[in-house]
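Visitor: Mind having a look at this structure? Questions to follow.
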Amino acid sequence: MDMSQAINLLALLVALAAVVTSSLLTWRALRLNDNANHLPIVLDALKAQRTAEFTRMEAELWAELPRQDVPLGFAKLPEPLRGHAFEVGCYYQHLACLAEYGVADWDFIAVQVTYRMLRTWDCIRPYVNAERKNRGSDSSFLNSYERFAEKARRTDVDAATERLYRRGGRGGPALRAAPMLRRRRQPVTATE
């Protein structure tokens with residue numbers, strides 16, 4: 001190989017490296033921009049679960065709903081329980097739609113809500129099925145919530161948390177060894 005061919009080959013390799021680097025940086029910028037656009041939506045959606053009113057409604061739902069006749073479904077429940085059931089159920093439906101349809105990171109939503117969301121689903125499931133029967137269709141009520149709950153039940157939340165830390169660039173050894181990540185989940189009280 002003569003000198004001019006070596007220079008041409010070197011120029012080609014430099015140009016190829018520039019194209020690959022530029023493509024990677026563009027992809028990363030697009031991903032960050034997409035996340036930045038969705039972050040306000042996700043944070044706003046998660047706001048309800050941090051309010052005392054929502055946690056009170058959810059705790060009342062857990063306590064009172066099992067005392068009701070299942071064939072009532074949702075629409076025929078007495079007030080204020082009907083309002084609580086719709087508000088809490090539709091809240092988790094909304095989060096499920098954000099996660100299931102890719103608007104929000106699935107792991108991020110699941111890590112935030114799994115325990116309470118599953119507890120609520122286990123409580124309302126017979127009434128959801130009755131509501132679907134009353135409406136005449138198995139696909140007529142809280143379908144995304146059901147799908148999300150089934151997937152979340154099979155998810156290792158500790159592993160999902162670790163994936164989030166790794167993707168965020170914050171998953172170094174010191175953070176992974178933190179006691180809060182090693183601690184086993186404790187039962188959540190009605191006010192949590």
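The values are calculated or read from the model by the stated rules, or taken from the named source; none is laboratory data. Quick caveat: nothing in here was measured; it's all calculated off a predicted structure. All Cβ positions, glycine included, derive from the backbone under ideal geometry; neighbour counts span all protein chains shown. For accessibility, only protein heavy atoms count, side chains too; no ligands or nucleic acids. Shrake-Rupley method; radii C 1.70, N 1.55, O 1.52, S 1.80 Å.
Visitor: Looking at region 102-124, I want the residues that are over 16 Å from Pro66 (Cα atoms) and have a partner that is among the aromatic types (Phe, Trp, Tyr) with Cβ atoms under 7 Å, at least 6 apart or on another chain. Which pairs are those?
Guide: So the pair list comes out as Met117/Tyr92.
Visitor: So Thr21 clears everything in (1) open to solvent by less than 80 Å² (accessible area, probe 1.4 Å); (2) in contact with a helix residue (DSSP H, G or I) (Cβ under 7 Å, 6 or more places away or on another chain); (3) part of a helix (DSSP H, G or I) except one condition, right? Which one?
Guide: Answer for Thr21: the failing condition is (2).
Visitor: Let me ask another. Looking only at region 116-148, filter to residues that are in contact with a helix residue (DSSP H, G or I) (Cβ under 9 Å, 6 or more places away or on another chain) and outside any helix (DSSP H, G or I); which one of those is most open to solvent (accessible area, probe 1.4 Å)?
Guide: Only one residue fits best here, namely Asp138.
Visitor: Can I ask one more? Open to solvent by less than 60 Å² (accessible area, probe 1.4 Å), under 16 Å from Cys123 (Cβ atoms) and more than 21 Å from the chain's Cα centre (by Cα), is that true of Gln93?
Guide: Answer is no for this residue.
Visitor: I want to confirm something. Restricting to region 64-82 and keeping residues that are assigned to a helix (DSSP H, G or I) and in contact with a helix residue (DSSP H, G or I) (Cβ under 8 Å, 6 or more places away or on another chain), which single residue is most open to solvent (accessible area, probe 1.4 Å)?
Guide: Here the residue is Pro71.
Visitor: Now, a different point. Check off (1) modelled with pLDDT under 90; (2) within 26 Å of Asp69 (Cβ to Cβ); (3) among the hydroxyl-bearing types (Ser, Thr, Tyr) for Tyr127 and give me the number that stays unchecked.
Guide: Every listed condition holds for Tyr127 apart from (1).
Visitor: State which residue pairs qualify: first residue over 17 Å from Gly89 (Cα atoms) and inside region 136-161, second residue surrounded by 18 or more Cβ atoms within 10 Å (Cβ to Cβ) and of a type in the set (Asp, Glu) in any location, beta carbons under 6 Å apart, and separation of 6 or more residues or different chains.
Guide: Ala160/Asp107
Visitor: What tally of residues in region 37-63 results from selecting those that are of a type outside the set (S, T, N, Q), farther than 27 Å from Gly102 by Cβ and either open to solvent by less than 60 Å² (accessible area, probe 1.4 Å) or modelled with pLDDT under 85 (or both)?
Guide: 5
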